[in-house]
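Notes follow the structure.
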Amino acid sequence: MTRDFVVFSGTSNPALAAGVAEGLGVRPGSRTVTRFPDGEIEVRLDEPVRGREVLLIQATSPPVNDNLLELLTLADACRRSAAARITAVVPYFGYARADKRRGRREPITASLVAQLIQAAGIDHLLTVDLHAAQIEGFFQIPVDSLTAVPTLAHALRGRMPQRAVIVSPDTGRVAMAADYAHRLGGPVAILHKRRTSGIETAVTHVVGDVRDRPCLIIDDMISTGGTIARAVEALLQAGARPEIVVAATHGLFVDDAWGTLGHPAIREVFVTDSVVPVESERRLRIVSVAPLIAAAIRQLLAGGSLSELYRDVPRSQAGDPS
Ligand code: R5P
């Protein structure tokens, strides 16, 4: 039996929140989010939450700190108003790449964010393609990381060049590449990426045969586009055909990402709507994860299993790329 619940959203991605609410057959809960003149955040719930399940939908995408604090203040408002349980639905989890210390005198910001989320009274975290599975270990509360791979793979079917090689742009994404390969068919190639500075990377080796074949490069996120651009250069140097499709769960596209991704070999870039696309681009295809998130929430509210979600994603649920 589904418990009484209410869905609130922050301001990071109202369209996705509306899509999730629609998938659940409810309207988003009424709340007010404003800024004081000095930039401080003010939030207010405009409907009761006492004794109810609350779902707070808020991606911690850029502006990361503002969106994070909105999530925390909304959670605090729910906790102080006696919500029965607060689930944070964070389609994109910012600071996830800060999951380890790379040198001395550095923080582990992903761990700090986990502590803040728990301190705010959030009981459960639902996210999508968390950058690294071990981040779950920073939490004492349940964390469920959904994957958008079946949804994106479904949208890619029929749009992929024949004989494409699935390419992981670094060793961290090999399992995800294998999942795409399992769903779409085709061999996997792995690039060895080396960080040359805080923001610069270089590909040193291509492991796998890409000669005279088109490629699908996959990743969990595109931020500046640098990782994908370096991958394209390395693949073309290794003899790949200049026919490249890119798929990533989170499309942040910060700075001049589309300039960085300007190589004509890149035919299409598929991302989900976990983050609001900053600008429209001819080669961009957006696939909605709202049905996936709504289905996951339905399972959680009914006390069901999330593995049920991946048995098969029918075309109507996968969403057509726009
Ligand atoms: C790195 O470990 C991530 O999986 C992405 O490859 C990376 O964060 C993408 O960032 P950018 O687009 O700035 O290269």
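The values are calculated or read from the model by the stated rules, or taken from the named source; none is laboratory data. Remember, it's a predicted structure, so these values are computed and weren't measured experimentally. Note: ideal-geometry Cβ built from the backbone for every residue, glycine included; neighbour counts use all protein chains shown. Ligands, DNA and RNA are excluded from the accessible area calculation, which covers all protein heavy atoms including side chains. Shrake-Rupley method; radii C 1.70, N 1.55, O 1.52, S 1.80 Å.
Please work out if residue 207 is surrounded by fewer than 24 Cβ atoms within 10 Å (Cβ to Cβ), more than 15 Å from the ligand (Cβ to nearest atom) and of a type in the set (Val, Ile, Thr).
For residue 207, the condition - surrounded by fewer than 24 Cβ atoms within 10 Å (Cβ to Cβ), more than 15 Å from the ligand (Cβ to nearest atom) and of a type in the set (Val, Ile, Thr) - is met.
Residues of the range 211-254 being more than 10 Å from the ligand (Cβ to nearest atom), among the β-branched types (Val, Ile, Thr) and open to solvent by 10 Å² or more (accessible area, probe 1.4 Å), which ones?
Within the range 211-254, no residue meets the criteria.
Could you please tell me which pairs satisfy a Cβ distance under 7 Å, a separation of 6+ or placement on different chains, a first residue in the range 166-178 that is under 15 Å from residue 228 (Cα atoms), and a second residue that is of a type in the set (Asp, Glu) and within 12 Å of the ligand (Cβ to nearest atom)?
169/219; 173/219; 173/220
Name the pairs: first residue in the range 94-115 and farther than 21 Å from residue 76 by Cα and free of Cβ contacts under 8 Å to residues at least 24 places away in the same chain, second residue within 16 Å of the ligand (Cβ to nearest atom) and assigned to a helix (DSSP H, G or I), Cβ to Cβ under 6 Å, at least 6 apart or on different chains?
The qualifying pairs are 98/109; 98/110.
Condition check: open to solvent by less than 20 Å² (accessible area, probe 1.4 Å), farther than 20 Å from residue 249 by Cβ and over 17 Å from the mean Cα position of the chain (by Cα). Does residue 33 satisfy that? Write out each step before concluding.
On the way: open to solvent by less than 20 Å² (accessible area, probe 1.4 Å): no; farther than 20 Å from residue 249 by Cβ: yes; over 17 Å from the mean Cα position of the chain (by Cα): yes.
Here the answer is no, as residue 33 does not meet what is asked.
Looking at the structure I just gave you, is residue 276 open to solvent by less than 10 Å² (accessible area, probe 1.4 Å) and β-branched (Val, Ile, Thr)?
No, not satisfied.
Could you list all residues from the range 279-301 that are in contact (Cβ under 8 Å) with a residue 12 or more places away in the chain and either open to solvent by 60 Å² or more (accessible area, probe 1.4 Å) or touching a His at 6+ places or on another chain (Cβ under 7 Å) (or both)?
The answer is 279, 298.
Could you tell me whether residue 196 is polar (S, T, N, Q), in contact (Cβ under 8 Å) with a residue 12 or more places away in the chain and more than 28 Å from residue 79 (Cα to Cα)?
no
State whether the residues of the range 30-51 include one that is modelled with pLDDT of 95 or more and under 14 Å from residue 294 (Cβ atoms).
no
When you check residue 46 against the structure, is it of a type outside the set (Ser, Thr, Tyr), open to solvent by 60 Å² or more (accessible area, probe 1.4 Å) and under 16 Å from residue 10 (Cβ atoms), yes or no? Even if it seems obvious, please write down each step before you answer.
Working: of a type outside the set (Ser, Thr, Tyr): yes; open to solvent by 60 Å² or more (accessible area, probe 1.4 Å): yes; under 16 Å from residue 10 (Cβ atoms): yes.
Against the criterion (of a type outside the set (Ser, Thr, Tyr), open to solvent by 60 Å² or more (accessible area, probe 1.4 Å) and under 16 Å from residue 10 (Cβ atoms)), residue 46 qualifies.
Among the numbered criteria (1) farther than 29 Å from residue 245 by Cβ; (2) more than 16 Å from the ligand (Cβ to nearest atom), which single criterion is violated by residue 162?
In the conditions (1) farther than 29 Å from residue 245 by Cβ; (2) more than 16 Å from the ligand (Cβ to nearest atom), residue 162 misses (1) alone.
List the number of the failed condition for residue 193; all other conditions in (1) of a type outside the set (S, T, N, Q); (2) part of a strand (DSSP E or B); (3) more than 10 Å from the ligand (Cβ to nearest atom); (4) modelled with pLDDT under 95 hold.
(3)
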